[in-house]
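Down below is the structure, laid out as structure tokens.
The values are calculated or read from the model by the stated rules, or taken from the named source; none is laboratory data. Keep in mind it's a predicted model, so treat the numbers as computed, not measured. Reconstructed Cβ throughout: ideal geometry from the backbone, glycine too, with neighbour counts over all protein chains shown.
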Amino acid sequence: MQTLTTDVLVIGGGATGAGVAWDATLRGLDVVLVDRADLATGTSGRFHGLVHSGGRYVVKDPPAADECSAENGIIRQIAAVAIEETGGLFVTTPFDDPEYANRFAEGCRASGVPCEEMEPAQALRIEPRLNPRISRAFSVPDASMDVWQLVWALARGAQERGARVLPYHEAVAVHRQGDEVTGARLREAHTGEELDVKARVTVSASGAWAGRIATIAGIEGVHVLPGRGIMIAMNHRLVNRVVNRCQMPTDGDIIVPVQTVSIIGTTDVHTDDPDDHTVLQDEVDAMLEDGERLVPGFKDARALRVWTGVRPLFEDRKDDSTDTRDVTRAHALLDHRERDGVSGFLTITGGKLTTYRLMAEDTVDAVCRQLGEDRPCTTATVRLPGSESGHHHHIGDRLGRREKTLQDDQLVCECELIPRRQLEDAVRRRATHSMDDIRRLLRLGMGPCQGGFCIYRATGILHGLNGMTAEQANAVLLEFLNERWKGTWPILYGDQLRQVRLDDWIFQGVLDVAHLP
Ligand SMILES: Cc1cc2nc3c(=O)[nH]c(=O)nc-3n(C[C@H](O)[C@H](O)[C@H](O)COP(=O)(O)OP(=O)(O)OC[C@H]3O[C@@H](n4cnc5c(N)ncnc54)[C@H](O)[C@@H]3O)c2cc1C
């Protein structure tokens, strides 16, 4: 069996794990980063897309507001490639307690979250689809994020500094020698091959799965309660800023414009299983109703897709056995040497995507303490690959680029403006057989047709480049269609239903995909 040796093994390739890998390599440590699936396919790849200004927490949780506000300022600089500076609004609709707006303004002042009140008429001028009956409006520096750009920039940066990044490698055992964790056994998802990693420190950055990783390391009492939330992507930007209802945080009170769509969310339902992606029809209906309160006519717009994510809510039963129900949304760093007498092992969980960098900094500080080495953190100032110019993503950028090459490159995905050369580069770079991996990199098939017009073309190109057999290419196509279907069926109404029928005719009627060899 192959054995890799490293300073730091990071289990979990979401924003936190990739952030830990980048931070540790910047400090000169050797890193192996692994995920049981592709990077950012856990909660990070299923989040709402909001870089919090902190406004959401100024009344309910001021320390979280401070943290978000500070990190928001930092990640705009270092991760510009993944961020669109949309700005955000908090608006009081007729459904909200009018008193809350004063508490909100006071909370922003106290927390230092930049916030400016504007006349409702002005808010309506800049966001004409907003409920015309809003009575107060505040602007805040919310932003939106393409998480796959972020996570792959972190991973690429780490790789450039020598890290080994292994998607599709599940940690199936954590090695212990007495009171020390010495690494883990990994299993490759496609071949079933196993390999060992020997590490001086093992970091579990496995989000909602952190309790399970702790258990296989023989450590009890790491309770991560998965909180499941649904989100719905509408087929275009109904708003160009993040819009939040000015009220105590609740379900369905934020719409975030992300790339070409706007996303409403979210719910928060306790589940026992972090892999539970149930979508209930009631939740979908309630979410569309909630959208209606912020943007009248929301329900009549075209819903493209629904999906769920699971929040890693950490509950430390070991530290405070008298208060087991106090579930915090702040991040939790567990140094198992201090907590359980087991050295070489740390768990980082909880928190928010907005605070991934801070979580990584705290974690790698603890790694250095365990190693007895003084290596200062530099992630607050070093820009990620692709963000060197500090230019933020802008919705018109892609079209601008495409217009320059329209004559000499073929468009494969019209909805998301993906030319053939870009697709071919991505296939070569990722050396993958999965169209879903490519989708996350390029947004292939994420537009209104949900892959209906592009995915058979893209599969043909993948087939040609990868030397796959026809059977393998057919399997890739079917896998992609099945994945897309999961997010489509719960919101089948109106124009999207027509679109899905058309896609179905193409794939079943013309290509007979269900009976391909
Ligand atoms: C519905 C919803 C909406 C949200 N919206 C926002 C928002 O708008 N803004 C914001 O800032 N935050 C938001 N959050 C919170 C944020 O998404 C999470 O806090 C963050 O993504 C967690 O990242 P992570 O890297 O810690 O965990 P994850 O992204 O879940 O990463 C953990 C990884 O561990 C891997 N893993 C598990 N077991 C193993 C194993 N045995 N071996 C190898 N790998 C393993 C998983 O595959 C996964 O990729 C939202 C959360 C939810 C649920």
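Counting only helices (runs of 4 or more DSSP H) that sit completely within the range 402-517, those holding 3 or more residues that are free of Cβ contacts under 8 Å to residues at least 24 places away in the same chain correspond to 420-430, 455-466, 470-488, 494-504.
If I filter the range 345-361 down to residues being within 12 Å of the ligand (Cβ to nearest atom) and among the aliphatic types (A, V, I, L, M), which single residue comes out as surrounded by the fewest Cβ atoms within 10 Å (Cβ to Cβ)? Talk me through it step by step, then tell me what you get.
If we filter the range 345-361 for residues that are within 12 Å of the ligand (Cβ to nearest atom), which is where we start, we get 347-360.
Next, from what is left, pick out any that are among the aliphatic types (A, V, I, L, M): 348, 353, 358-360.
On the way: I348: 31, L353: 26, L358: 22, M359: 28, A360: 27.
Selected residue: L358.
Just one residue in the set T43, T93, T86 is within 30 Å of A301 (Cα to Cα), among the hydroxyl-bearing types (S, T, Y), modelled with pLDDT of 95 or more and within 12 Å of the ligand (Cβ to nearest atom); that residue is T43.
Tell me, yes or no, whether the range 478-496 has at least one residue that is more than 27 Å from the chain's Cα centre (by Cα), modelled with pLDDT of 90 or more, small (G, A, S) and under 25 Å from V261 (Cα atoms). Within the range 478-496, one or more residues are more than 27 Å from the chain's Cα centre (by Cα), modelled with pLDDT of 90 or more, small (G, A, S) and under 25 Å from V261 (Cα atoms). Among residues of the range 374-399 that are more than 30 Å from P419 (Cα to Cα), those with a beta-carbon under 6 Å from a residue that is in a loop (DSSP other than H, G, I, E, B) and not small (G, A, S) at least six positions away or on a different chain give the pairs R375/R27.
Yes or no: the range 211-228 includes at least one residue that is under 16 Å from the mean Cα position of the chain (by Cα), within 14 Å of the ligand (Cβ to nearest atom) and of a type in the set (K, R). Yes, that holds for at least one residue. Against the test of being closer than 30 Å to L304 by Cβ, at pLDDT 95 or above and either within 15 Å of the ligand (Cβ to nearest atom) or of a type in the set (K, R) (or both), the options A208, A199 yield a single qualifying residue, A208.
Quick one: which residue in C415, C368, C377 is touching a Pro at 6+ places or on another chain (Cβ under 7 Å) and either more than 26 Å from E220 (Cβ to Cβ) or more than 15 Å from the ligand (Cβ to nearest atom) (or both)? Testing whether each residue is touching a Pro at 6+ places or on another chain (Cβ under 7 Å) and either more than 26 Å from E220 (Cβ to Cβ) or more than 15 Å from the ligand (Cβ to nearest atom) (or both) leaves just C415. Annotation: V32 fulfils all but one of (1) within 18 Å of the chain's Cα centre (by Cα); (2) more than 7 Å from the ligand (Cβ to nearest atom); the unmet one is (1). Quick one: in the range 44-64, of everything that is assigned to a helix (DSSP H, G or I) and over 13 Å from the mean Cα position of the chain (by Cα), which residue is surrounded by the fewest Cβ atoms within 10 Å (Cβ to Cβ)? Going through the qualifying residues, I end up with P63. Considering only residues that are among the aliphatic types (A, V, I, L, M) and within 11 Å of the ligand (Cβ to nearest atom), look in the range 169-196 and name the one that is surrounded by the most Cβ atoms within 10 Å (Cβ to Cβ). So the residue we want is A184.
Pick from the range 4-29 the residues that are closer than 15 Å to L186 by Cα and buried (at least 24 other Cβ atoms within 10 Å of the Cβ): which of them is farthest from the ligand (Cβ to nearest atom)?
To start, the set of residues in the range 4-29 that are closer than 15 Å to L186 by Cα comprises 4-6, 8-13.
When the remaining residues are screened for being buried (at least 24 other Cβ atoms within 10 Å of the Cβ), the result is 8-13.
Details: V8: 15, L9: 10, V10: 9, I11: 5, G12: 3, G13: 5 Å.
Of everything passing the filter in the range 4-29, V8 is farthest from the ligand (Cβ to nearest atom).
The set of residues from the range 67-84 being surrounded by fewer than 18 Cβ atoms within 10 Å (Cβ to Cβ) and β-branched (V, I, T) comprises just one member, I74.
Here is a yes/no grid of residues against (1) modelled with pLDDT of 95 or more; (2) under 19 Å from V242 (Cα atoms):
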{"position": "I255", "(1), (2)": "yes, yes"}
{"position": "L288", "(1), (2)": "yes, yes"}
{"position": "P312", "(1), (2)": "no, no"}
{"position": "T322", "(1), (2)": "no, no"}
{"position": "L333", "(1), (2)": "yes, no"}
{"position": "H336", "(1), (2)": "yes, no"}
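Just a yes or no: is a residue in the range 292-302 surrounded by fewer than 21 Cβ atoms within 10 Å (Cβ to Cβ), modelled with pLDDT of 95 or more, assigned to a helix (DSSP H, G or I) and away from the ligand (no atom under 12 Å from the Cβ)? Yes, there is a match, as at least one residue in the range 292-302 is surrounded by fewer than 21 Cβ atoms within 10 Å (Cβ to Cβ), modelled with pLDDT of 95 or more, assigned to a helix (DSSP H, G or I) and away from the ligand (no atom under 12 Å from the Cβ). When restricted to residues that are under 29 Å from the mean Cα position of the chain (by Cα) and of a type outside the set (A, V, I, L, M), the range 115-132 contains 6. For the range 331-344, the candidate set comprises residues that are surrounded by 20 or more Cβ atoms within 10 Å (Cβ to Cβ) and within 14 Å of the ligand (Cβ to nearest atom); within that set, the residue that is nearest to the chain's Cα centre (by Cα) is H331.
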